[in-house]
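Encoded as structure tokens, the structure appears first; notes follow it.
The values are calculated or read from the model by the stated rules, or taken from the named source; none is laboratory data. Because the structure is a prediction, the values reported are computed rather than measured. Using ideal geometry, Cβ is built from the backbone for each residue, glycine included, and neighbour counts are taken over all protein chains shown.
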Amino acid sequence: MSSRLDGELLEVSMGPQHPSTHGVFRMNVALEGEIVRKLKPVFGYLHRNHEKIGENATYLSSMPYTDRLDYFCSMTNNWAYALSVEKLVGIEVPERAEFLRIILAELTRLQNHASLLGFLLSDMGAWGTPLMYAFREREKILDLFESLSGSRMMCDYMRFGGCRVDADDDWLGRAKQIVDRFPKFLDEFEQLILQNEIVIARTQNVGKLSAELAISAGITGPMLRACGVNYDIRKVDGYGFYPRFKFRIPLGDHGDTYDRLMMRALEMRESIEILKQALAQIQPGPIVNPKVKIRAFRPPIGEAYGRIEGPKGELGFYLISDGGPNPYRYRVRPPSFINLTVLEDLCLGHTVADVMVILGSIDIVMGEVDR
Amino acid sequence: MIGIGILRGMAVTLRNFAGSYFEEDRLTTVQYPEERSPLPENYRNFPILIYDTEDAEAGLRCVACKICEKECPPQCIYIIKSEDKKPDYMGKPQFYPKVFDIDISVCMSCQICVEVCPFEAIKMDKDFELSKRERFDALLFRKEELSKSNEYYHRIHPVEAAAVDKNLADAAAAAEAKKKAAAAAAAAAKPPAPNPTTSSAPGPASAELRRGESTSAPGEAPPATTKS
């Protein structure tokens, strides 16, 4: 029965153009039969010097570059960057701008999680259909972004001390309509997948992450909460107007892929709650702090770290200013890069087919991993 | 029972399949080249330069201050300032761009040039059907291709253009009022008028005047008159 290959590992290079690797990501996998024994992630194919460009460009010029980090969630990237500059200079943000920021950040979370679920299912082999349903909903939100900021994905919407353009009543009405209809899509989507035996078999007890490992590896976002750790920067930091809103933080139990999947579905429900409150409470007013100069913007000497709860986890920008027009140091703390570091621990002992599902449930965007 | 979950999922796909024929929510496809969904007012693509009046050359609002060139994140704007001045649309002598190029293969449509421009001269176009057969020069837009009339701007961004026109008119009115006030103040201050020879003297004389001033004690009669 035993062949000469017994005990020998077969090295396979998965990617970088594999359709399920969400961009140009490669894994060097050592296999014993079909079981993964070693896994080495290889990335950097999409590296484009984001931080160095940020150090050579003015503060404002870095804002459109942050759109290109995690190109699914440009609004939250903008917010994190604007927040760290606002911390650095000490800029107040008008009330309406804070509301708009929360509305757009939660819409971003909705479309990110929706498309993540679609991608995850297509990684499992449900090609096309669930992804198409998710993208149909995402497209409605992107239409909102386009009519407000001028661009579907590269929004470049937030500014230091506010937002760039004001939302009119028509826009808010459309946003309300989309938010009201979103639960219908969620019901349908949950009916489609969450009790599906194949999905359950492919995800439960696959890629278990323990809370201790998650904390020591610096995992954040839905992936950390799926392990049962109650840590959400919206609650911890209370940035923006989040303390004013009533919402709950869904927590998982097992830290497996199914919990991570459920976490997204539950978070979307809570985002809808926040959106409903924000859209009901938003008042007219100025959207940008008039004291902030748009030309020749020079923050005082100092340093600041601004972070937000992005859809993928803690997104932070660390800036050191030497008083000049561009930052002395510009550092991004990307959630998907740090969440990716535990990939090997999650995949060991599982089959090759599970690697794709686990990778999909981490929710990475290579634009942010490689920067 | 195994299989119930799958059947429930199938019911969803069946509903979507049937709905995709008549439910407005699910009829989302637009047959693009024949049928177009309207672009939103705020849609932006690539920058254009706005000119007033009929003449694209004379009416160009841009004064080649180069702020957009400095602030452009991917550095896709290239400007050479003119040596001479020409009257702008308000009649004030201003520099103008001798060369104004935008490499739209580099431009990332961020709109920062529009925001930093103090003269409302650069705005965003909505034209997105820009595919070209050539690789290099065709995507480097020169001043002539970038210049678009104010009417065109009104056509693509009606609300924004109206606000810009109002701002410009207000600014012009304020400048006019200021000029009038200054003229009135000058007229009021006219009686102790300076010597006509000094006022009519050209550049070199005034340079002499300044030199003379430094040697003479303050409060004395104008030195130019003592010299002549």
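Observations on the structure shown:
- Across segment B:16-32, the qualifying residues are those that are within 16 Å of A:Leu131 (Cα to Cα) and in contact with an Asp or Glu (Cβ under 9 Å, 6 or more places away or on another chain), and the one among them that is surrounded by the most Cβ atoms within 10 Å (Cβ to Cβ) is B:Asn16.
- In segment B:38-68, the residues that are free of Cβ contacts under 8 Å to residues at least 60 places away in the same chain, in contact with a Phe, Trp or Tyr (Cβ under 7 Å, 6 or more places away or on another chain) and either within 16 Å of B:Cys113 (Cα to Cα) or of a type in the set (A, V, I, L, M, F, W, C) (or both): B:Val63, B:Ala64
- Each residue in segment A:187-212 was checked for being more than 10 Å from every other protein chain (Cβ to nearest Cβ), part of a helix (DSSP H, G or I) and touching a helix residue (DSSP H, G or I) at 6+ places or on another chain (Cβ under 6 Å), and 2 pass.
- Residues in segment B:167-188 that are within 15 Å of the chain's Cα centre (by Cα) and either charged (D, E, K, R) or not in a helix (DSSP H, G or I) (or both): 0 in all.
- Residue match in segment A:135-155 (condition: part of a helix (DSSP H, G or I), away from chain B (no Cβ under 12 Å) and in contact (Cβ under 8 Å) with a residue 60 or more places away in the chain): no
To keep it simple, each residue is scored yes or no on (1) surrounded by 15 or more Cβ atoms within 10 Å (Cβ to Cβ); (2) at pLDDT 85 or above; (3) at the interface with another protein chain (Cβ under 10 Å from one of its Cβ atoms); (4) part of a loop (DSSP other than H, G, I, E, B).
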{"position": "B:Ile48", "(1), (2), (3), (4)": "yes, yes, no, no"}
{"position": "B:Ala56", "(1), (2), (3), (4)": "yes, no, no, yes"}
{"position": "B:Pro73", "(1), (2), (3), (4)": "yes, yes, yes, yes"}
{"position": "B:Met90", "(1), (2), (3), (4)": "no, no, no, yes"}
{"position": "B:Asp101", "(1), (2), (3), (4)": "yes, yes, no, no"}
{"position": "B:Cys110", "(1), (2), (3), (4)": "yes, yes, yes, yes"}
{"position": "B:Glu134", "(1), (2), (3), (4)": "no, no, no, yes"}
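- Among the helices (runs of 4 or more DSSP H) confined to segment A:42-117, the ones with at least 3 residues that are under 22 Å from A:Asp363 (Cβ atoms) are located at A:62-67, A:74-89.
- In segment A:199-248, of all residues being polar (S, T, N, Q) and either surrounded by 15 or more Cβ atoms within 10 Å (Cβ to Cβ) or under 20 Å from A:Leu275 (Cβ atoms) (or both), the one that is modelled with the highest pLDDT corresponds to A:Thr220.
Residues are listed down the side, and each one gets a yes or a no for (1) within 14 Å of another protein chain (Cβ to nearest Cβ); (2) among the β-branched types (Val, Ile, Thr); (3) crowded, with 20+ Cβ neighbours inside 10 Å:
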site	(1), (2), (3)
A:Gly33	no, no, no
A:Lys40	no, no, no
A:Asn49	yes, no, no
A:Ser62	yes, no, yes
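- Residue among B:Ala64, B:Ala56, B:Ala138, B:Ala161 that alone is touching a His at 6+ places or on another chain (Cβ under 7 Å) and among the hydrophobic types (A, V, I, L, M, F, W, C): B:Ala161
- Qualifying residue in segment A:107-121 (condition: charged (D, E, K, R) and within 14 Å of another protein chain (Cβ to nearest Cβ)): no
- Matching residues, segment A:156-177, being part of a helix (DSSP H, G or I), hydrophobic (A, V, I, L, M, F, W, C) and in contact (Cβ under 8 Å) with a residue 60 or more places away in the chain: A:Leu172, A:Ala175
- Segment B:1-56 - residue that is within 49 Å of the chain's Cα centre (by Cα) and among the aliphatic types (A, V, I, L, M) and, of those, farthest from A:Phe189 (Cα to Cα): B:Ala56
- Hey, B:Glu120 under 16 Å from the mean Cα position of the chain (by Cα) and within 11 Å of chain A (Cβ to nearest Cβ) or not: no
- If you go through segment A:258-297 and keep only what is of a type in the set (A, V, I, L, M, F, W, C), surrounded by 15 or more Cβ atoms within 10 Å (Cβ to Cβ) and either within 20 Å of A:Phe119 (Cα to Cα) or without any contact (Cβ under 8 Å) to a residue 12 or more places away in the chain (or both), you end up with A:Leu261, A:Met262, A:Met263, A:Ala265, A:Leu266, A:Met268.
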